[in-house]
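Written below as structure tokens is the structure these notes are about.
The values are calculated or read from the model by the stated rules, or taken from the named source; none is laboratory data. This is a predicted model, so every value here is computed, not measured. Don't worry about glycine lacking a Cβ; one is built from the backbone with ideal geometry, like all the others, and counts go over all protein chains shown.
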Amino acid sequence: MLPLLGLATIIVLLAAILSKRMSPLVALIIVPIAASLIGGFGLQTSKFVIDGLKSLAPVVGMFVFAILYFGTITDAGTLDPIIDRILRAVGTKPTRIVLGTTLLALLIHLDGSGAVCFLVTIPAMLPLYDRLKMDRKVLAAAVSMAAGINFLPWTGPMIRASASLHLPISALFNPLIPVQIVGLVFVFGVAFWLGRREEKRLGYSRADGAIPMPKRELTADEQALRRPELFWFNIVLTLIVLGTMVLMGEKIPPAIMFMVGLCVALLVNYPNVEMQRKRIDAHARAALMMAGILLAAGVFTGVMQGSGMLRAMAQAAVGFVPQAMASHIPVALGLVSMPLSMLFDPDSFYFGVLPVVAEVAGQLGVPAVHVGQAALLGQMTTGFPVSPLTPATFLVVGLCGIDLADHQKFTFPFLFAASIVMTLACVVLGIFPL
């Protein structure tokens, strides 16, 4: 009963969001609560919800103050010279812009944090896309592919897989290095294709060499907010905030860094109290919407975990694996690992599903390391930027200003294809035996 209820909850949630019959905020709250009540959990549902909200409180704080912080330094004109330099480097050719976006996201994601990657890359590149009237969904897809393919030893999925299977990270990661290179080639190939498609849509002509450079004219109000004399101060402040997040994230919560950073940015750039209030008001709507969606996601994950629906789904799913197909478990898991990101949050999968799958596979003679590697080819790696179970997905759509359903429909096929390509590479390279 519980596994079926969990599966039905996931299906109804995705159907409601993708069909646009409900907004993500409404669906993430109403659907799981209704499922919990139907499952007979009654007043326990409130405890599940509160537990979910508590677990996401630091994340919500980080995202809210990150939006306010980046909004403030953008108002001050800090990103203007950076965007102009990137524009000169990549020109106004969409193909180069999309490739540059992918490379920038890949480099920033070297710290292993999807949130930092999106918080830095999207605000930096979005004005460029808007100036050229490029599709924002392409920006979301480019950063999602770059972050998703980058499963390094210090990333969350790799650490979880290592811990749950009691395997050294080197045993999981080292054989996958050539596979990741194949994935990167695929991602940059897709980025090139997306750029060429944008060129055709925008009427790019080889004859005239480039799309005419759009002129950005600031309004009088925007001009009054610019603080070009504080450019280097704002750059150093941003590097300190982000650098502390990367180097001392375990000791100093990112939310605190963005809180302090916002206060310093407001005091230096806009010392007048009334101007500080107006800057906060200007970005409050975006921050409130992001906070609402993230808290709604906390309701969903809290109910699904607290009720035991996720664990029951995991145990039931393992029972459907035929013994004759044991040797194909790594390949099969690699092929479905990315879509499974839509059903399981990383902790539930890596600590609930993966050990059970590895145990079943081990009893049938399949090494646990192959099972772990198969999971890493998609489960919350290529899958996390479109999964409704991760706050990063809502960060992408919130920063890009696009609809969740549109982002999932546009980006999901590319991320799924990347996972499939890497799985096939594992077969070809002999990492997964057939």
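Kindly evaluate V268 against the criterion of being part of a helix (DSSP H, G or I), more than 30 Å from H370 (Cβ to Cβ), at pLDDT 90 or above and in contact with a Leu (Cβ under 7 Å, 6 or more places away or on another chain).
The answer is yes for V268.
Per this entry, W154 is not counted among residues that are under 30 Å from V421 (Cβ atoms), at pLDDT 90 or above and exposed (fewer than 14 other Cβ atoms within 10 Å of the Cβ).
So that you can scan it fast, the table gives a plain yes or no per residue for (1) in a helix (DSSP H, G or I); (2) touching a strand residue (DSSP E or B) at 6+ places or on another chain (Cβ under 6 Å); (3) buried (at least 24 other Cβ atoms within 10 Å of the Cβ); (4) not polar (S, T, N, Q):
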{"position": "L354", "(1), (2), (3), (4)": "yes, no, yes, yes"}
{"position": "G362", "(1), (2), (3), (4)": "yes, no, no, yes"}
{"position": "V369", "(1), (2), (3), (4)": "yes, no, no, yes"}
{"position": "Q373", "(1), (2), (3), (4)": "yes, no, yes, no"}
{"position": "M380", "(1), (2), (3), (4)": "no, no, yes, yes"}
{"position": "F384", "(1), (2), (3), (4)": "no, no, yes, yes"}
{"position": "A405", "(1), (2), (3), (4)": "yes, no, no, yes"}
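Considering only residues that are under 25 Å from A27 (Cα atoms) and not hydrophobic (A, V, I, L, M, F, W, C), look in region 277-298 and name the one that is surrounded by the fewest Cβ atoms within 10 Å (Cβ to Cβ).
R285
Considering region 217-264, and only residues there that are modelled with pLDDT under 75 and surrounded by 13 or more Cβ atoms within 10 Å (Cβ to Cβ), the residue that is farthest from P58 (Cα to Cα) turns out to be V246.
For first residues located in region 32-54 and farther than 14 Å from I10 by Cβ and at pLDDT 90 or above, partners that are in a helix (DSSP H, G or I) and of a type in the set (G, A, S) and lie 6+ apart or on another chain with Cβ distances below 6 Å form the pairs T45/S36; F48/G302; F48/G306; V49/G302.
In this structure, L310 qualifies as hydrophobic (A, V, I, L, M, F, W, C), touching a residue at least 60 places away in the same chain (Cβ under 8 Å), in contact with an Asp or Glu (Cβ under 8 Å, 6 or more places away or on another chain) and assigned to a helix (DSSP H, G or I).
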